[in-house]
Amino acid sequence: MKGTRGRFGNIKRFWKTVCLFCLLALVCAGCGGSEKAEGLPSVRIGVSLYRGDDTFINNIRGELEKRAKAYEQETGVKVHLDIQDAKGSQNTQNNQVERFISLGCDVVCINMVDRTNVSIIIDKAMAAGVPVVFFNRQPVEEDMNRWDQLYYIGVDPKESAVLQGSIVADLYEENPEQVDRNGDGVVSYVLLEGESSHQDSVIRTEWSVQTLKDSGVPVEKLTGGIANWERSQASALMEQWLKEYPGRIELVISNNDDMALGAIDAIERAGVSGISLVGIDGTVPGNEAVEQGTLLGTVASDKEEYAGVMMDIAIARARGEELPEDLVLEEGKYYWVSQEIVMKKEK
């Protein structure tokens with residue numbers, strides 16, 4: 001009897017072991033997802049946005065999601081995009097990056113809240129060996145030089161401003177009366193600026209006006225103000241300026257499209273006409289305003305190129321591969337997205 005119980009005990013233990021292995025296999029299949037079960041490769045990319053309600057950033061986000069899906073279809077590599085909104089808080093963004101790293105993200109893409117305060121993020125990424133692709137809000141040079149796995153993708157702000165200024169300069173050369181509405185020989189303008197700490201805002205402000213002067217356009221600044229890239233803030237400023245300078249504002253130079261659209265809102269509420277406005281970014285609403293004739297022109301960056309380069313760098317770094325041969329980076333880490341002027345199409 002004792003020997004029989006021993007044999008039955010061994011059989012029971014054997015089947016328990018078999019059942020345990022089956023259960024573990026089911027659990028692992030559920031956690032890993034179908035791509036793991038089929039043996040397909042995958043990469044995980046954490047993306048932190050400085051503010052998810054920014055129109056330009058939302059355009060980039062949409063293109064990034066499209067590019068990730070296209071890459072999956074082209075290569076069979078599953079791309080997990082974990083996109084988070086920092087809502088203008090640097091502490092929140094720091095925590096998001098820490099979470100990305102703890103979850104095992106292969107690379108992180110960061111649209112900085114505060115471009116001058118990136119040391120914590122770089123420290124965490126370097127310690128974990130996770131490459132970082134910064135975009136749109138450029139860290140200072142000293143921070144970018146700390147590690148060879150730091151990259152930046154953005155537009156050349158001076159080029160943006162020069163192109164913006166040339167929209168007005170070309171129109172003035174062709175038809176001065178269309179810009180100098182009151183015919184006094186001077187184009188009186190107001191200037192809507194982005195954040196004071198943002199490098200693009202500072203450079204766009206300087207070079208848009210300088211381009212007008214270099215092109216021989218006689219200009220006079222009436223006033224200017226910081227609207228932090230936001231449509232509502234720009235609308236409030238423009239409403240105030242229309243009251244302070246009745247009939248004198250001929251041109252609105254805006255650091256981005258959203259603020260230009262805010263100025264248009266105020267102009268339409270006031271029932272004023274004859275003011276020319278120019279923006280930068282080439283957002284979907286901005287381009288629509290150009291076609292409607294309420295925005296004279298804007299400077300558009302190539303959103304598909306923007307997202308494509310981000311994805312190329314992120315996936316190459318995530319998989320430990322060389323960057324594509326045709327991807328040329330300035331100083332091995334900077335990529336400047338191409339831009340073009342957008343004006344109303346001739347019918």
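The values are calculated or read from the model by the stated rules, or taken from the named source; none is laboratory data. Here the structure is a predicted model, which means the values were calculated and not measured. FYI the Cβ positions are ideal-geometry reconstructions off the backbone, even for glycines, and counts take in every protein chain you see.
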(request) Would you please name the residue that is modelled with the lowest pLDDT, looking only at residues in the stretch 132-143 that are touching a helix residue (DSSP H, G or I) at 6+ places or on another chain (Cβ under 9 Å) and more than 19 Å from Ile60 (Cβ to Cβ)? (result) Val140
(request) Could you figure out which of (1) within 22 Å of Arg51 (Cβ to Cβ); (2) free of Cβ contacts under 8 Å to residues at least 24 places away in the same chain isn't true of Pro176? (result) (1)
(message) Take the conditions under 25 Å from Trp147 (Cα atoms), outside any helix (DSSP H, G or I) and assigned by TED's automatic domain parsing to the domain that holds Leu49 and apply them to Val309. Does it pass?
(response) no
(request) State whether the residues of the stretch 169-176 include one that is modelled with pLDDT of 95 or more, among the charged types (D, E, K, R), assigned by TED's automatic domain parsing to the domain that holds Asp54 and more than 20 Å from the chain's Cα centre (by Cα). (result) no
(message) Can you tell me how many residues within the stretch 215-254 are without any contact (Cβ under 8 Å) to a residue 12 or more places away in the chain and either β-branched (Val, Ile, Thr) or not in a loop (DSSP other than H, G, I, E, B) (or both)?
(response) 2
(message) Return the residues of the stretch 88-138 that are buried (at least 17 other Cβ atoms within 10 Å of the Cβ), of a type in the set (Val, Ile, Thr) and either free of Cβ contacts under 8 Å to residues at least 60 places away in the same chain or under 22 Å from Ser197 (Cα atoms) (or both); say none if nothing qualifies.
(response) Val97, Ile101, Ile110, Val113, Val118, Ile121, Ile122, Val130, Val132, Val133
(request) Within the stretch 81-95, count every residue that is farther than 13 Å from Leu49 by Cβ and either of a type in the set (Ser, Thr, Tyr) or over 19 Å from the mean Cα position of the chain (by Cα) (or both). (result) 2
